[in-house]
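To start, the structure under review is shown below, and the notes come after it.
The values are calculated or read from the model by the stated rules, or taken from the named source; none is laboratory data. If you're wondering where the values come from, they're calculated on a predicted model, not measured in any experiment. As a convention, Cβ positions derive from the backbone with ideal geometry for all residues, glycine included, and neighbour counts pool all protein chains shown.
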Amino acid sequence: MQTFDFDLFVIGGGSGGVRAARMSAQRGARVALAEFAAMGGTCVNVGCIPKKLYSYAAHYGDSFEESHGFGWVGEKPVFDWDLLKANRAREIARLNGIYVQLLDTAGVKIIKGWARLLDEHTVEVDDKKFTAKYILISTGGTATVPAVPGREHVVTSDHMFDLKPFPKRLLVVGGGYIASEFASIFNGLGSEVTQVHRRDMLLTGFDDDVRRFIAAEMSKTGIKLQLGAEVAAIKKTDSGLQVELKGGTSLEVDTVLYATGRVANANGIGLETVGVALNAAGAVQVNDQYQTSVPSIYALGDVTARLQLTPVATGEAMVVVDQLFGPAAGKKPRNMSYEFVPTAVFTHPNIGTVGYSEADARKKFGKVTVFRADFKALKHTLSGSTERTLMKLLVEDATDRVVGLHMVGPDAGEVVQGFAVAMKAGATKAVFDSTIGIHPTVAEEFVTMRDPVKD
Ligand code: NDP
């Protein structure tokens, strides 16, 4: 029988790879993990975590102003960008250390360097060869910038956390998660922000009411939204970057952020050598068990470009671990469903959503009843803010099941997470109606919506 150095060799130390490595080792497998950069991947280093920290920072700008209505008087404090960057860097370094410690404690061998597949059971890292019964590709993804003239002058989300100096004028290109979040964050921190998006609504795929509502709210916060617009060229000048838009208008900014999507990190790791099949988008193709076209090689997370969300990658990792090394004692093997995956966009205000958009719900379920509320939250009766909140429920007529729940408003992600459990459990509108609200909260609106929107 063939013997291997390891039972599992993980390539890539992001959220999915680390989870798979750690849990496999805890089930008794001999595991190695190769990573060439800081441990934690996109989420920890240049994604979710620093983004959320900066989003908190950005909210303070409004909070100081709103506090006057609640009796707090005095000068607004001054924002120190370098201090925020230093504090973020310290926290991220701490998290990098925790990831390493978690792997060490679990008994995972960490191999620093760039890993490349040599055959279906062999990986090479800096001229050293390792064999493994199974190999897991969890190399993540990278921001992509289209071939616009002057693209060498633009930055991607990777660079936004350490910009020097702070951009007084920022142009954000794109209308997805990353573009909309960074537009809100830098606007909140004090930049003059313009967001240019090629479609007439932000956030393709989200519910249309949410898309319209967030655009109005973001505009109210001061972001200049240019919808149905595209960049023609970017030129460097003595005073900044001159951006020409198709149609002839132009603007000058200090920084141009392109947030126009991400591609799988599937190059340079020997996938072609071994014959791992990629899909049309260049992502690793996997079956329902995350097995690639080579049976001993698995892949998960952003490199497979399904749902590019950290909790999805960690969920996929648990499925792979259960399958390769058995479920935890007394538990059934996990499976992964991509239906009712909750998600939040940390725009200001936040978006939280779970289930289907109205358009998708009508396509899938036929007759659907819509409940919608649009109101000014209690807090803003004194804060002076004109911010409004949107809440929306979609109910399948045939079963009374709530199949879509959407919110634009403060802490929408926190609110929607709890409702996501109910929706996974198949909660009907009758169950929502019989749930007692918590008063006074914004979230109680989801259990007190009585009158449907007329068709
Ligand atoms: P998205 O796919 O969400 O958005 C890309 C945006 O760029 C879209 O608006 C798209 O327009 C636009 N675009 C694409 N190509 C071009 C082009 N050539 N010229 C102009 N515009 C273009 O990608 P992101 O980069 O924002 O984020 C990647 C993924 O990361 C997200 O899908 C999400 O899964 C994840 N993420 C999750 C977060 C969270 O959970 N809070 C936060 C950040 C990222 P169009 O709509 O026309 O396609």
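Quick one: which residue in F213, F182, F206 is more than 13 Å from the ligand (Cβ to nearest atom), at pLDDT 95 or above and either assigned to a strand (DSSP E or B) or out of contact with any Pro (no Cβ under 8 Å at 6 or more places or on another chain) (or both)?
The match here is F213.
Have a look at F446, F419 and point out the one that is farther than 24 Å from T204 by Cβ, under 28 Å from the mean Cα position of the chain (by Cα), in a helix (DSSP H, G or I) and not charged (D, E, K, R).
F446
Would you be able to say whether some residue in the stretch 311-318 is among the charged types (D, E, K, R), out of contact with any strand residue (DSSP E or B) (no Cβ under 7 Å at 6 or more places or on another chain) and assigned to a loop (DSSP other than H, G, I, E, B)? Let's see the steps before the verdict.
So the first thing to find is which residues in the stretch 311-318 are among the charged types (D, E, K, R), and the list is 316.
Within this subset, residues satisfying the condition of being out of contact with any strand residue (DSSP E or B) (no Cβ under 7 Å at 6 or more places or on another chain) are 316.
If we keep only those that are assigned to a loop (DSSP other than H, G, I, E, B) as well, we get none.
Among the residues of the stretch 311-318, not one is among the charged types (D, E, K, R), out of contact with any strand residue (DSSP E or B) (no Cβ under 7 Å at 6 or more places or on another chain) and assigned to a loop (DSSP other than H, G, I, E, B), which makes the answer no.
Residues in the stretch 144-161 that are touching a helix residue (DSSP H, G or I) at 6+ places or on another chain (Cβ under 6 Å) and part of a loop (DSSP other than H, G, I, E, B): V145, F161.
Considered as a group, the residues in the stretch 121-136 that are in contact (Cβ under 8 Å) with a residue 60 or more places away in the chain and crowded, with 18+ Cβ neighbours inside 10 Å include one that is nearest to the chain's Cα centre (by Cα), and that residue is L136. Of all the numbered requirements in (1) charged (D, E, K, R); (2) assigned to a strand (DSSP E or B); (3) within 14 Å of the ligand (Cβ to nearest atom), R199 misses one, and that requirement is (2).
Every residue, every condition in (1) of a type in the set (G, A, S); (2) surrounded by fewer than 16 Cβ atoms within 10 Å (Cβ to Cβ); (3) more than 30 Å from P295 (Cα to Cα); (4) in contact (Cβ under 8 Å) with a residue 40 or more places away in the chain, yes or no:
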position	(1), (2), (3), (4)
D208	no, yes, yes, yes
L227	no, yes, yes, yes
E230	no, yes, yes, no
D238	no, yes, yes, no
K246	no, yes, yes, no
D254	no, no, yes, yes
A259	yes, no, yes, yes
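With respect to (1) crowded, with 24+ Cβ neighbours inside 10 Å; (2) of a type in the set (S, T, Y); (3) under 30 Å from T273 (Cα atoms), the lone exception for S296 is condition (1).
Evaluation of S296 against the conditions (1) touching an Asp or Glu at 6+ places or on another chain (Cβ under 6 Å); (2) within 16 Å of the ligand (Cβ to nearest atom) shows that the sole unmet condition is (2).
When each of G275, G282 is tested for being within 16 Å of the ligand (Cβ to nearest atom) and without any contact (Cβ under 8 Å) to a residue 40 or more places away in the chain, the lone residue that passes is G282. Of the residues making up the stretch 373-396, those that are among the charged types (D, E, K, R), buried (at least 19 other Cβ atoms within 10 Å of the Cβ) and part of a strand (DSSP E or B) number 2. Within the stretch 194-205, residues that are touching a residue at least 60 places away in the same chain (Cβ under 8 Å) and aliphatic (A, V, I, L, M) have Cβ atoms under 9 Å from residues that are part of a strand (DSSP E or B) and more than 7 Å from the ligand (Cβ to nearest atom) in these pairs: L203/I351, counting only partners at least 6 apart in sequence or on another chain. Cβ-Cβ distances below 6 Å connect the following pairs, each with a first residue in the stretch 83-110 that is of a type in the set (F, W, Y), a second residue that is not in a helix (DSSP H, G or I), and a separation of six or more residues or different chains: Y99/M39; Y99/G40.
Quick grid of which residues meet (1) part of a loop (DSSP other than H, G, I, E, B); (2) buried (at least 18 other Cβ atoms within 10 Å of the Cβ); (3) among the charged types (D, E, K, R); (4) without any contact (Cβ under 8 Å) to a residue 24 or more places away in the chain:
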position: R22; (1), (2), (3), (4): no, yes, yes, no
position: M39; (1), (2), (3), (4): yes, yes, no, no
position: C43; (1), (2), (3), (4): no, yes, no, no
position: Y56; (1), (2), (3), (4): no, no, no, yes
position: D62; (1), (2), (3), (4): no, no, yes, no
position: G69; (1), (2), (3), (4): no, no, no, no
position: V78; (1), (2), (3), (4): yes, no, no, yes
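Within the stretch 116-139, is even one residue within 16 Å of the ligand (Cβ to nearest atom) and touching a helix residue (DSSP H, G or I) at 6+ places or on another chain (Cβ under 7 Å)?
yes
Of the residues G190, G174, the single one that is more than 10 Å from the ligand (Cβ to nearest atom) and on the phi > 0 side of the Ramachandran plot is G190. Applying the criterion of being of a type in the set (A, V, I, L, M, F, W, C) and farther than 14 Å from A58 by Cβ to the residues of the stretch 71-86, the residue that is farthest from the chain's Cα centre (by Cα) is V73. Residues that are in contact (Cβ under 8 Å) with a residue 24 or more places away in the chain, away from the ligand (no atom under 11 Å from the Cβ), part of a helix (DSSP H, G or I) and surrounded by 16 or more Cβ atoms within 10 Å (Cβ to Cβ) are absent from the stretch 329-352 altogether.
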